[in-house]
Amino acid sequence: MRFWSFWFNSFVLSSQYNPPRFVELLMLLLAIAMLAIASVLPDRLPYLILGLSLVVGASISILVREAIAPSPQARITQLTASLLLIISLYGFADLMYSI
């Protein structure tokens with residue numbers, strides 16, 4: 001029980017300390033879950049689209065947040081967000097050609 005209490009308190013603290021980063025983290029975790037489900041289920045298209053949409057939204061949110069208020073590791077964060085955005089847009093383009 002103490003273990004779950006620690007994690008819950010950590011989530012509450014991180015959501016209060018930096019809400020945009022917490023929302024981006026949740027979006028990326030949901031995207032990972034949706035893409036994992038898409039790799040297992042035979043009807044994968046809805047999960048794949050939802051996962052890629054979450055990645056695009058989180059990436060754009062990260063890039064906007066870093067443009068407004070840069071963090072100490074802004075370069076690495078921007079590079080990672082740009083890479084995620086490019087990969088997810090490539091995934092959308094691949095979906096368009098396969099349909």
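The values are calculated or read from the model by the stated rules, or taken from the named source; none is laboratory data. In this text, all values refer to a predicted model and were calculated from it rather than measured experimentally. Note that each Cβ is placed from the backbone with ideal geometry, even for glycine, and that neighbours are counted across all protein chains shown. The protein model used for the area step is the full one, side chains on, heavy atoms only, and it has no ligands, DNA or RNA in it. Shrake-Rupley method; radii C 1.70, N 1.55, O 1.52, S 1.80 Å.
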Only residues in region 28-55 that are within 19 Å of Ala93 (Cα to Cα) count as the first member; pair them with residues that are outside any helix (DSSP H, G or I), Cβ under 6 angstrom, at least 6 apart or cross-chain, and list the lot. Ala38/Arg44
Would you be able to tell me the number of residues in region 52-92 that are of a type outside the set (A, V, I, L, M, F, W, C), open to solvent by less than 40 Å² (accessible area, probe 1.4 Å) and either touching a strand residue (DSSP E or B) at 6+ places or on another chain (Cβ under 8 Å) or more than 21 Å from Pro19 (Cα to Cα) (or both)? 2
Inside region 12-55, the number of residues satisfying the requirement of being of a type in the set (S, T, N, Q) and within 10 Å of the chain's Cα centre (by Cα) is 1
